[in-house]
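Engineer: Once you've had a glance at the structure underneath, I'll fire off some questions.
The values are calculated or read from the model by the stated rules, or taken from the named source; none is laboratory data. None of the values given here were measured: they were computed from a predicted structure. Here Cβ is always computed from backbone atoms with ideal geometry, including for glycine, and neighbour counts include all displayed protein chains. Note: areas computed on protein heavy atoms with side chains; ligands, DNA, RNA excluded. Shrake-Rupley method; radii C 1.70, N 1.55, O 1.52, S 1.80 Å.
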Amino acid sequence: MGTIENLSNREALLLAARKCLLEKGYNRTTARDIASAAGVSLAAIGYHFDSKDALLTEALLLAFGEWDQDLQRALRTAVPSNVTPAERFEATWAKIIATFETHRPLWIANFEIFTQMIGQPATREIIASKLRIARTGLAAMFLKRDENSIDEHTVRTIGTFHHVLLSGLVLQWLIDPASSISAKDLTEALRATASSLTPSGRRNHAKATRKKS
């Protein structure tokens, strides 16, 4: 998108909403704030987006698209192609976790919108409709595959798994950043969990537990 002066009313509203969302947050942004920043009338919001909440949700999705582009650029230089799967997992999560600070307003706005969804079915439906796209992208990122090759089962399992990890890590970081887990610790925890799911892993865990006691 270019400058607001060169955009259509709809594009100007979306750009202004994104700016207000990241500067003021979801709860403190008013329809008047957005219309003023866009240089359009209040009525234009209802005409193009039905409601302020729908507009802010679209603006959040736009901001997440930009976050994804920033992340992909960082990963291209930070994760060599010849690393092991575990090293790639750790390096990828290290870059994602780093965005919690560099994109803090985005993550705060994300959870502000989440808290409003119970009482706003329309907002919940918009977010839910986009979750598959997000999960597909996460599955492709961690499997190092093209998004078009990711099937529904992989989205529902691998994609959802990483989405749950992401949501939990962000929430923990926002509440208590000093205690949040690092990418290295996350990798170690996942490796230990995967090992414990195998018969030999359970035996080794039991032996280690007996030695400690």
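Engineer: Among the residues of the stretch 22-57, which ones are in contact with a Phe, Trp or Tyr (Cβ under 7 Å, 6 or more places away or on another chain) and farther than 17 Å from residue 108 by Cβ?
Structural biologist: Answer for the stretch 22-57, where residues must be in contact with a Phe, Trp or Tyr (Cβ under 7 Å, 6 or more places away or on another chain) and farther than 17 Å from residue 108 by Cβ: just 55.
Engineer: Of 124, 145, 135, which residue is at pLDDT below 95 and in contact with a Gly (Cβ under 8 Å, 6 or more places away or on another chain)?
Structural biologist: Answer to the check: 135.
Engineer: State all residues of the stretch 141-153 that are over 14 Å from residue 89 (Cβ atoms) and either touching a Leu at 6+ places or on another chain (Cβ under 7 Å) or aliphatic (A, V, I, L, M) (or both); if no residue qualifies, say none.
Structural biologist: Result: 150, single match.
Engineer: Now for a different question. Quick one: in the stretch 18-43, of everything that is among the hydrophobic types (A, V, I, L, M, F, W, C) and in contact with a Lys or Arg (Cβ under 8 Å, 6 or more places away or on another chain), which residue is nearest to residue 137 (Cα to Cα)?
Structural biologist: That would be 34.
Engineer: I've got another one for you. Output the number of the condition that residue 117 fails; it satisfies all remaining conditions of (1) crowded, with 17+ Cβ neighbours inside 10 Å; (2) over 25 Å from residue 27 (Cα atoms); (3) without any contact (Cβ under 8 Å) to a residue 24 or more places away in the chain.
Structural biologist: Status for residue 117: all satisfied but (2).
Engineer: Sticking with this one: What about residue 49, is it among the hydrophobic types (A, V, I, L, M, F, W, C) and closer than 22 Å to residue 175 by Cα?
Structural biologist: No: the conditions fail for residue 49.
Engineer: I'm trying to understand the selection: among the residues of the stretch 49-102, which are open to solvent by 30 Å² or more (accessible area, probe 1.4 Å), at negative phi, assigned to a loop (DSSP other than H, G, I, E, B) and not polar (S, T, N, Q)?
Structural biologist: Scanning the stretch 49-102 gives 80, 83.
Engineer: Being at pLDDT 85 or above and farther than 13 Å from residue 169 by Cβ is the filter here, so list the residues in the stretch 76-102 that pass it.
Structural biologist: Of everything in the stretch 76-102, those that are at pLDDT 85 or above and farther than 13 Å from residue 169 by Cβ turn out to be 84, 85, 86, 87, 88, 89, 90, 91, 102.
Engineer: Determine, yes or no, whether residue 16 is closer than 29 Å to residue 98 by Cβ, within 19 Å of the chain's Cα centre (by Cα) and modelled with pLDDT of 90 or more.
Structural biologist: No; evaluated as a whole, the condition is false for this residue.
Engineer: Out of 108, 133, 150, which single residue is buried (at least 18 other Cβ atoms within 10 Å of the Cβ) and among the aliphatic types (A, V, I, L, M)?
Structural biologist: Matching residue, one of 108, 133, 150: 150.
Engineer: Look through 213, 180, 167 and report the one residue that is at pLDDT below 95, small (Gly, Ala, Ser) and over 27 Å from residue 69 (Cα atoms).
Structural biologist: Going through 213, 180, 167 in turn, the sole match is 213.
Engineer: Still on this model: Search the stretch 19-36 for residues being under 26 Å from the mean Cα position of the chain (by Cα) and of a type in the set (Gly, Ala, Ser), and hand back the single one that is surrounded by the fewest Cβ atoms within 10 Å (Cβ to Cβ).
Structural biologist: Ranking the candidates gives 25 first.
Engineer: Exactly one condition in (1) touching a His at 6+ places or on another chain (Cβ under 7 Å); (2) free of Cβ contacts under 8 Å to residues at least 12 places away in the same chain is false for residue 67; which is it?
Structural biologist: (2)
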